[in-house]
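Notes for the one structure printed next.
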Amino acid sequence: MGTRGGALKAPSSQKLRGEEIMRKLVMIFKGFPQFLSHEKVFKNLLVLPMQLLLNFLLMPPFAIVIYLAFVNWQPIFGGWTEAPFVGVSNFIRLFSEARFYEALGRTLVIAIVAVALEFLLGLGLAVLFSRPFLGRRICTSVILYPMMLPWVVVGFTFYLLFLDHGPVNYVLSSLFGPAGMISWFRNPVPAITAIIIGDIWQWTPFMFLIFYSALGALPKDPKEAAMTLGANAWQIFRYITFPMIKPVAYVGLVIRALECFKIFDLVYIMTGGGPGVSTETLSLYIYRVAFKYGQLSYAAAVAIIVLLGIALVTRIAVRPLLKEAA
Amino acid sequence: MMRKIVVVSLVLGFIGFIVCAQSTPAERALAGLSSLMEKGVIKPGQTFKIMIHSGQRNQLAPAVEELSKLTGLNIQLVVIGNEPDIYVKVMNEAVVRTGEYDIFLTFCNWIGDMAEAGVIVPLDEWIAKYDPEIDHGPNRYVSPLDKFTTQYGGHYYALGMDNDALVLFYRKDLMEDPSEQAAFEARYGRPLKLPETWEEFDLITEFFDRPEQGMRGAHLYAERVFAYTSWAPRFIAKGGIYFDPYTMDPMINSPEGVAALEEIIFLVRNHMFPEAYTADWSAAYTLFPEGKVFWTIAWASLGHWASDPETSKIAGKVGFAQLPGEYHDGVLYRATPHVVGWSFSICRYGKAPEAAYLIAQYLNDPTVSAAAITRTGTLDPFRLNHFQDEKLLAAYGPELGPVLMLNAEQSFPDISLRGANEYLDVLNLNLQAAVAGQISAKEALDRVAIAWQEITDRLGRGRQIEAWQQEIKRYPKHIRELWVKLGKMDPHTAGLE
């Protein structure tokens, strides 16, 4: 009986479930236009194809880098797919490599000093150029030229400038006699100084451009009100102008700091990382390990750690900006 | 039917005759290419790409054009401006296998890396079949270039195209000046003459070091890429050897190595411009022709440069000499570094590797290569016939040819093991650091020894020992004899039995 009863009930239960599904589907289809019209959903749908494409393009190389970091492979070992798995030994080696730490320290020094000076010089020039004067447009164009030059040109120019018998030493010896001459590329400190000077020369215009645009876009009313109330130029800059351009300045700083952290070309051309490895930066270190020594697995491990470090620093750096935007 | 058989037989016989009767490597290469074309392996108009350095375009372009006309193939030279980029691109090809290039013209000490990466093919079979005349006949390579510019691991992997044995260039006018000779003798109690030993070289450097007149004693490479070229000839001549032949333990931090480096450091700090360690290889090509240094050690191409009044202020005053050496039991042992040197190798992933080999063989032919080397560029004479070629000798000057040949005969190769690039880079950066005063000579070489141990372990000590023992046999005989005499190895390992 029970079986029969169960057999009789079964079609009715299936029918009910089917109707329920149909009803839900109809509701979904009926509600689909409304669902799509939801702003958040619509926005996400618009960027979805590009997001998928980007993921498709970016993820495979990234996956290969991760794979390489956990195997022991050099091109001279043969096919990379047959490379033996070595766990985290590439990472362990990285953290015990003094040359890596030295390169990291040097890169940080260059980035901090160069970007800070570029920031100050760029801001100063932008403030100067925010007031009208004769030939301002021409001077603005001239100031921007270094930024447009290829790295290799800048590197080679500064290499020639700082040679032992180059123009810089000529000027120094004219001013202070032979004792004033500096052997720029012989010792680490003068060599890094020369690199920083080259970087500042090329990238101060970038900071200038950012500040110049920001200053030009500021409303005049707050300044005029402050002037009416008797504020001097410094007070206006300190309490009105700078707070208003702060978000832009922040973006400029982050972009330049990230770029400077990757510095390669200038160092490669001017000193080749020498003497010894005393001016070797992180990018140059990775390049050498990967392409000169062929240790691509180890280089992949270094690249992953650097990427994680940069991501973390960037996250911390942009947090105030995001807070402000929110 | 009978007629067809006769015609086919005649045609085949003719082709066979052509192939067999070729008397030069170029003719055999052309016949081989023609045969491959008939078999359909290659087609007229097919493109073949040769990766070269910018310094070779002027030398190779006319021959490549001629070969393209003769064969109907589209042979292209792809120029790379920076030497290290060539290594990077070749290794990149080993990974991505695009088949973009058919032939590589690279430093011969990269052959080991390229062979191990599988990106180039062994040439033994084709060399036996087409005979490029490497080690026999009147046009053979100057020994030992026939070995170390062509072989790795007991196999042929390349056709050497260059002779980069270094040469000592000096101011002949000053060296032969009677007043200078008298002053030198008065100061040192010995006659002023071309140095036999490094000790004499250092004294003469000191004597001619006249910064007040704008001339320093010497310019030797102590920079990032070629610092080893100044240190190694002293080290080897003192009896030094890079690695223990049985264990691959580094032997560079031996007393011979430290003494050689201390000598270089002294010279650089006291008798040279700082460009020795701050500039690149081209510094010798400006300082010496401008008369700013008394002598320098560089590639033969500096002979062209310094002898040409358009590029030199000391044209007509340049002398050429062998590199000095060291005496051991009354016998002088000279060791000349063969620094880099260009060789053709064939890409495994190219469209038709055998045809690519034949193109390289054509360019490597004694006559074709002599014509190429006569033109200005980075390739220098490497075959015996080159040293008898009137045009070529005229381009180099009558004195340089014989000296270059002597230096080539005493030349020893760069480290050419698997990982050669890394071994040499670590050596160079520490030599440069020592010369710049960052670390002491002993500390620098100790650091190199530690790094070399690590590299050897990573690449596999057993295989490296095997490869090093093969490489030892490619050193000139007198150096191997010196090593045996000093007890560094037995005669069998030295290849003297």
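Summary table below
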quantity	calculated
Whether the protein assembly as shown is rounded, prolate or oblate, judged on the alpha carbon gyration tensor where a/c under 1.5 counts as rounded	oblate
Which of B:A158, B:F148, B:L174, positive extreme of dipole for segment B:122-190 (C-beta unit charges)	B:L174
Summed buried accessible surface, chains B and A, 1.4 Å probe, nearest 100 Å²	2600 Å²
Cα Rg, Dmax (largest Cα-Cα span) when computed across segment B:236-365, Å	20.1, 56
Portion, in percent, of the accessible area of the protein assembly as shown that falls on carbon or sulfur, probe 1.4 Å	64 percent
Surface accessible to a 1.4 Å probe, per residue, for the residues of chain B, Å²	36 Å²
B:Y170 accessible area, assembled protein chains, probe 1.4 Å, Å²	20 Å²
Cα gyration tensor category, rounded, prolate or oblate, for segment A:177-326 with a/c compared to 1.5	oblate
Cleavage-rule hits (GluC sites (Glu not before Pro)) in segment B:279-383: DSSP loop, at most 11 neighbouring Cβ within 10 angstrom	B:E310
Net charge dipole size for the protein assembly as shown [Lys, Arg +1 and Asp, Glu -1 on Cβ; Debye, nearest 20]	4600 debye
Given B:K69/B:K89; B:K49/B:K147; A:K246/A:K323; B:K193/B:K317, the pairs whose alpha carbons are separated by over 23 Å	B:K69/B:K89; B:K49/B:K147
At least 30 Å² of accessible area lost relative to the chain alone, listed for segment A:247-278 with a 1.4 Å probe	A:Y268, A:P275, A:G276
Solvent-accessible area lost in complex, 50 Å² minimum, residues of segment B:414-429 relative to chain alone, 1.4 Å	B:E422, B:D425, B:L429
For B:E185, net neighbour charge (Lys/Arg +1, Asp/Glu -1) across residues whose Cβ lies under 15 Å away	-2
Whole-Hz couplings from phi, Karplus 6.51/-1.76/1.60, listed for segment B:222-229; x for Gly and Pro	9, 9, 5, 9, 10, 4, 5, 6
Cα-projected label distance for A:F35 with A:S183, points at 7 Å along beta-carbon direction, nm	7.5 nm
Efficiency of FRET from Cβ geometry, B:D249 and B:E212, R₀ 41 Å, rounded to 0.05	0.30
For segment B:257-288, residues shielded by at least 40 square angstrom of accessible area compared with the chain on its own, probe 1.4 Å	B:E275, B:Y277, B:T278
Segment B:85-124 residues near the modelled B:N74 label - backbone nitrogen below 18 Å, point 7 Å along Cα→Cβ	B:99-103
Efficiency of FRET from Cβ geometry, B:L496 and B:E454, R₀ 45 Å, rounded to 0.05	0.90
Net length gained if the chain between A:M50 and A:A326 were fully extended (0.36 nm per residue, minus Cα distance)	96.8 nm
Residues whose placed amide H lies under 5 Å from that of B:I80, excluding near-sequence neighbours	B:I52, B:H53, B:S54
Cβ crowding within 10 Å averaged over residues, with B:243-249, A:44-50, B:89-95 ranked highest first	B:89-95, B:243-249, A:44-50
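The values are calculated or read from the model by the stated rules, or taken from the named source; none is laboratory data. Owing to the predicted nature of the structure, the values given are computational and were not obtained by experimental measurement. Don't worry about glycine lacking a Cβ; one is built from the backbone with ideal geometry, like all the others, and counts go over all protein chains shown. All accessible areas refer to the heavy atoms of the entire protein, side chains included, with ligands and DNA or RNA removed. Shrake-Rupley method; radii C 1.70, N 1.55, O 1.52, S 1.80 Å.
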